[in-house]
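Novice: Questions regarding the structure given below will be posed in turn.
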């Protein structure tokens, strides 16, 4: 081996050591990927990072889309430029809980083009990992450009022990075909797939609040099932979100009040359950006032004064349970019946099974409506005695989606599957 090769090998080892030293300070590294461009991957990455920051996690957001960095614009940081403190670059602080780094912070203007081949892109990604002072973080969310080329490959090879990838698609078949390749890519590079997010899954009409299947629906979930990976959730198109991203209108205090925070709650809850497991099983996520608002659960008396209702749904493995009396948990969802919005939600463990207990137990928790797949006639009459409305025949789905469809009058109901 000649001196040049020895020098290159030593440089590589030192670079790798420096990256590892920096990454050890970060508990979890999440890589947001997609095999297809234009699926809203950066929107998903930004909202995951914001959602984690809202619940008090220390989060870094790294934009490694070298040719088309969009995150600074989305967060209204495009005029910021990086600083060097001693030997390290400082990420741009969006908030006390969220720091951001992107190639855009190095460019003269937002119209400057980056015309680089693979080796230069690899070098700058190495610097983002080794030479940026991220500090102690709970999460580093990495927004990667579409495809399975230089940038995704580099980040997967450089980060040892990454927590996993989140793959974004839209419902169309053309998108699904390319995203399947992304799942295969993760398998080849031995990157764990945490799950698939279906973005642009329907359009929420700003006038009637009903959902329109603009690009179809359900393709992401079907693909996840085919590829044997988890489905994290479906994100509809919401006009106000498009405006927020274009105008950089994001603030952590305001974010938890937005429609998008409510929608992403499901996705982030599933990610956290996978990553932090037992912590969330003890309902600490909900005790941490995740998203929506900082209010305590609404009492029965307070609901009488306005348009507030509490809806209860029996839950098993994250979806509506078909067997009402033998479910693992109940989702208690507070809604504004007038504005058709979800105000807050929480998961509570079911009480020990006793005949006739649930109507009294749910009444004490301030429930007005129960939505379920089926229920025996005797149980229905007990709920009616407690002035709790029972909606039967709902299909297995996430509680937030069922509640929104119920509020919008689009919930499809079948026969009572448990009529006895």
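Just so it is clear, none of the values below were taken in a lab; they were calculated from the coordinates. Please read all numbers here as calculations on a predicted model, not as lab measurements. For neighbour counting, all protein chains shown are included, and Cβ atoms are generated from backbone atoms with ideal geometry for every residue, glycine included.
Novice: Listing 169, 163 from the residue with the fewest other Cβ atoms within 10 Å to the one with the most, what is the order? Write down the numbers at each step before the final one.
Specialist: Values: 169 30, 163 20.
Fewest to most other Cβ atoms nearby, the residues stand as 163, 169.
Novice: Grab the Cα-Cα distance for residue 323 and residue 203, subtract it from 0.36 nm times how many residues apart they are, and report the gain in nm with one decimal. Could you put the intermediate results ahead of the total?
Specialist: Working: separation 120, 0.36 × 120 = 43.20 nm, distance 3.17 nm.
Extending this stretch completely gives an extra 40.0 nm.
Novice: Another question about this same structure. Kindly work out what percent of the DSSP beta bridges joining two residues of the range 58-199 are antiparallel, to the nearest 5. Don't skip to the answer; put the middle values down first.
Specialist: Numbers: 6 of 22 bridges.
Around 25 percent of the beta bridges assigned by DSSP in the range 58-199 are antiparallel ones.
Novice: Ok, one more. Give me P(r) over the range 300-408, computed from all C-alpha to C-alpha distances, binned every 5 Å, as integer percentages.
Specialist: All Cα pairs considered, the percentages come to 2, 13, 26, 27, 21, 10, 2, 0.
Novice: Please arrange 310, 222, 401 by counting, for each residue, the other beta carbons lying within 10 Å of its beta carbon, fewest first.
Specialist: On the way: 310 23, 222 13, 401 19.
In order of increasing Cβ crowding within 10 Å: 222, 401, 310.
Novice: Between residue 214 and residue 338, what length comes free when the chain is fully extended (0.36 nm per residue of separation minus the Cα-Cα distance, one decimal in nm)?
Specialist: Additional length available on full extension: 42.1 nm.
Novice: Please report the antiparallel percentage of DSSP beta bridges with both residues in the range 300-408, rounded to the nearest 5. Each step should come with its number before you reach the end.
Specialist: Values: 18 of 23 bridges.
So the antiparallel bridges in the range 300-408 amount to around 80 percent.
Novice: Something else: Within 10 Å of each residue's Cβ, count the other Cβ atoms and sort 34, 321 from fewest upward.
Specialist: Values: 34 30, 321 21.
Neighbour counts put them in this order, fewest first: 321, 34.
Novice: Could you tell me the center-to-center distance, by alpha carbons, between the range 59-105 and the range 33-53 in angstrom?
Specialist: Each part reduced to its Cα centre gives a spacing of 15 Å.
Novice: Additional query: Just subtract the alpha-carbon distance of residue 184 and residue 90 from 0.36 nm times their residue separation and send over the number in nm, one decimal.
Specialist: Values: separation 94, 0.36 × 94 = 33.84 nm, distance 3.50 nm.
Going from the current span to full extension adds 30.3 nm.
Novice: Given a Förster distance of 30 angstrom, what is the FRET efficiency for residue 81 paired with residue 273, based on the Cβ-Cβ distance and rounded to 0.05? Walk me through the numbers before you get to the answer.
Specialist: Numbers: r = 38 Å, r/R0 = 1.27.
Efficiency computed from Cβ-Cβ geometry: 0.20.
Novice: I've got another one for you. What FRET efficiency do you get for residue 307 and residue 24 if R0 is 41 Å and r is their Cβ-Cβ distance, rounded to the nearest 0.05? Provide the component values of the computation, followed by the final result.
Specialist: Numbers: r = 50 Å, r/R0 = 1.23.
Efficiency, from the Cβ-Cβ distance: 0.25.
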